[in-house]
1. I'm trying to understand the selection: among the residues of segment 145-160, which are surrounded by fewer than 14 Cβ atoms within 10 Å (Cβ to Cβ) and of a type in the set (A, V, I, L, M, F, W, C)?
2. Answer with yes or no whether GLU141 is at pLDDT below 90, open to solvent by 10 Å² or more (accessible area, probe 1.4 Å) and touching a helix residue (DSSP H, G or I) at 6+ places or on another chain (Cβ under 9 Å).
3. Those residues that are within 21 Å of LEU23 (Cβ to Cβ) and in a loop (DSSP other than H, G, I, E, B), I need them from segment 224-244; list them, please.
4. In the set ARG134, ARG95, ARG163, which member is among the charged types (D, E, K, R) and touching a helix residue (DSSP H, G or I) at 6+ places or on another chain (Cβ under 9 Å)?
5. Going by what's in this entry, would ALA186 be described as without any contact (Cβ under 8 Å) to a residue 40 or more places away in the chain and of a type in the set (Gly, Ala, Ser)?
6. Can you tell me how many residues in segment 114-135 are more than 17 Å from ARG77 (Cβ to Cβ) and either in contact with a His (Cβ under 8 Å, 6 or more places away or on another chain) or modelled with pLDDT of 95 or more (or both)?
7. For segment 221-252, give me the residue count where each residue is touching a Gly at 6+ places or on another chain (Cβ under 8 Å) and open to solvent by 10 Å² or more (accessible area, probe 1.4 Å).
8. In segment 169-196, how many residues are over 19 Å from ASP220 (Cα atoms) and over 21 Å from the mean Cα position of the chain (by Cα)?
Amino acid sequence: MGGTLDCIIAARTPPMGPEPLPLAHDDIHLWSANLDLPAGEVATLAGCLSPDERDRAARFHFERDRRRFVVGRATLRIVLSRYGSGEAAARLRLRYGAQGKPALDRAQARHEPPIEFNLAHSQELVLIAVAAGRALGVDVEFVRPIDDLEGMARQVCTTDELRSLLGMPTALRGEAFLRCWTRKEACLKAIGTGLSFPLEHVQVGCTADAPEPPGWTLHDLRPAPGFLGALVTRRGACRITRFGFDARHPTI
């Protein structure tokens, strides 16, 4: 197990300016941002979105969800524009794989090796992981009570994971289940299958000493108070840096 990420490296503020943000082959950058911004700032950020993203935003039933989607997509675009594509955030073109995983359009992927990224959000928090030529996946969950936790666990946990979970004191099971869930989602997003692959066939464990998926390294995250997450990357030496992003003062 790679360990809890906030014990590995401290967060720092990204350098500002027009110069591309350096990203070596062994770098992984993990960005976090708050999605809950005032309406006026959300409207400004909406200018970064593509027409299809604006259409998607308009289909959200609840205003809070619409705003969070706008801020999340704008944040992703602004972050990706920092890596030397030569394009402004609003002009980046994203393509989507068969399971909906986003990627930069190949014609704009001027970084060598190509930029890989993944994002996840829960409540007001978004996480974006960025690497150069290295498959990765990230997930985050707000820690909350779970109705019928045992029933959910029986649907998504392996036999060993379920046995481990039900062997814990009741008070510890909720966080352990969410830890297992974020690991599974991050793993499947890194592989590229998403939730189309049955979660109950993915063995990641519920405890700190659980085995890692073959060929992958798993890092547990505590990206903000009240949140759990996981980052999964191709196995190999890497240097992980956490950045905080303030979407209220972006360079668009």
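1. Of everything in segment 145-160, just one residue is surrounded by fewer than 14 Cβ atoms within 10 Å (Cβ to Cβ) and of a type in the set (A, V, I, L, M, F, W, C), namely MET152.
2. Details: at pLDDT below 90: no; open to solvent by 10 Å² or more (accessible area, probe 1.4 Å): yes; touching a helix residue (DSSP H, G or I) at 6+ places or on another chain (Cβ under 9 Å): yes.
So GLU141 fails the test.
3. ARG235, GLY236, ALA237, CYS238 - these are the residues of segment 224-244 that are within 21 Å of LEU23 (Cβ to Cβ) and in a loop (DSSP other than H, G, I, E, B).
4. Values: ARG134 fails: touching a helix residue (DSSP H, G or I) at 6+ places or on another chain (Cβ under 9 Å); ARG163 fails: touching a helix residue (DSSP H, G or I) at 6+ places or on another chain (Cβ under 9 Å).
Result of the check over ARG134, ARG95, ARG163: ARG95.
5. On the way: without any contact (Cβ under 8 Å) to a residue 40 or more places away in the chain: no; of a type in the set (Gly, Ala, Ser): yes.
Answer is no for this residue.
6. 8
7. Of the residues in segment 221-252, 5 are touching a Gly at 6+ places or on another chain (Cβ under 8 Å) and open to solvent by 10 Å² or more (accessible area, probe 1.4 Å).
8. The total comes to 3.
The values are calculated or read from the model by the stated rules, or taken from the named source; none is laboratory data. Just so we're clear, the structure is a prediction, and the values are computed from it rather than from any experiment. FYI the Cβ positions are ideal-geometry reconstructions off the backbone, even for glycines, and counts take in every protein chain you see. We work out accessible area using only protein heavy atoms, side chains counted, and drop any ligands, DNA or RNA first. Shrake-Rupley method; radii C 1.70, N 1.55, O 1.52, S 1.80 Å.
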